[in-house]
1. Take segment 70-92 and flag every residue that is small (Gly, Ala, Ser) and in contact (Cβ under 8 Å) with a residue 40 or more places away in the chain.
2. Being surrounded by 13 or more Cβ atoms within 10 Å (Cβ to Cβ), out of contact with any Leu (no Cβ under 7 Å at 6 or more places or on another chain), modelled with pLDDT of 95 or more and outside any loop (DSSP other than H, G, I, E, B) is true for just one of Glu59, Glu105, Glu92, Glu81. Which residue is that?
3. With the condition kept exactly as written, say whether any residue in segment 125-134 is free of Cβ contacts under 8 Å to residues at least 12 places away in the same chain and in contact with a helix residue (DSSP H, G or I) (Cβ under 9 Å, 6 or more places away or on another chain).
4. Does at least one position in segment 128-146 carry a residue that is within 23 Å of Val203 (Cβ to Cβ), assigned by TED's automatic domain parsing to the domain that holds Gly166 and of a type in the set (S, T, N, Q)?
5. Looking only at segment 45-89, which residues are over 19 Å from Glu147 (Cβ atoms) and either aliphatic (A, V, I, L, M) or touching a Cys at 6+ places or on another chain (Cβ under 7 Å) (or both)?
6. How many residues are surrounded by fewer than 20 Cβ atoms within 10 Å (Cβ to Cβ) and either assigned by TED's automatic domain parsing to the domain that holds Asn122 or in a helix (DSSP H, G or I) (or both) when one looks only at segment 30-56?
Amino acid sequence: MATRAGEGHGARRGAQAAHGDDGWGGDTPAPVPQRLMAAATRLFAERGYDRTSVQDIVEAAGVTKGALYHYFGSKDDLLHEIYGRLLRLQQERLDALAERDAPVEVRLRQAAADVVVTTIENLDDAMIFFRSMHQLSPEKHKQVRAERRRYHERFRALIEEGQRSGVFSDATPADLVVDYHFGSVHHLSSWYSADGPLTPQEVADHLADLLLRALRP
């Protein structure tokens, strides 16, 4: 069975962070929240959310349950934050790309490629979330859906801008174009392999090109 790009790398990132080797140098331990997040990410990816206990996480992170509850409150909070950190990164990057002084087709292509690259680079986070999203509390589930909707609306606005100006075809509703692209993004964790023939950027370029071709007048 092929190794998913994020799983192996994520497990190594989690192990390194839990033992203080995550950019902090020497034997200096990483901050407790970072160690907890790294341990939770590694364990959720390897075992699944359901089969990972709070005790498993704190033992892997080398902290107490009191420390976990001080920073996160619950295992549910850790799951929410795993996706939240990826979505915040992608939202910041999309906002910056959308506001650039460049033709709309350039901005859309860059945004379409960027979400692919950042998803592959954080494939554990994306895979864990889409596999376990239904296990969030109703309140957090609603919050995440609102955050995702904001991202999709900003992406859709680029498509609509191009359609209004005649750069893109308006034969297909912008909402369907968004669903088309993000359907591909959401399935990356099920097939992308770090050992495969394509780099993350090459995958991103191909998918971005497909999107632009679908919008060609």
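The values are calculated or read from the model by the stated rules, or taken from the named source; none is laboratory data. In this text, all values refer to a predicted model and were calculated from it rather than measured experimentally. As a convention, Cβ positions derive from the backbone with ideal geometry for all residues, glycine included, and neighbour counts pool all protein chains shown.
1. Gly84
2. Details: Glu105 fails: out of contact with any Leu (no Cβ under 7 Å at 6 or more places or on another chain); Glu92 fails: surrounded by 13 or more Cβ atoms within 10 Å (Cβ to Cβ); Glu81 fails: modelled with pLDDT of 95 or more.
Only one candidate qualifies: Glu59.
3. yes
4. no
5. Result: Ala45, Val54, Ile57, Val58, Ala60, Ala61, Val63, Ala67, Leu68.
6. Taking segment 30-56 and keeping what is surrounded by fewer than 20 Cβ atoms within 10 Å (Cβ to Cβ), we get 31-34, 46-48, 50-51, 53-56.
Narrowing the set further to residues that are either assigned by TED's automatic domain parsing to the domain that holds Asn122 or in a helix (DSSP H, G or I) (or both) leaves 32-34, 46-47, 54-56.
Residues in segment 30-56 being surrounded by fewer than 20 Cβ atoms within 10 Å (Cβ to Cβ) and either assigned by TED's automatic domain parsing to the domain that holds Asn122 or in a helix (DSSP H, G or I) (or both): 8 in total.
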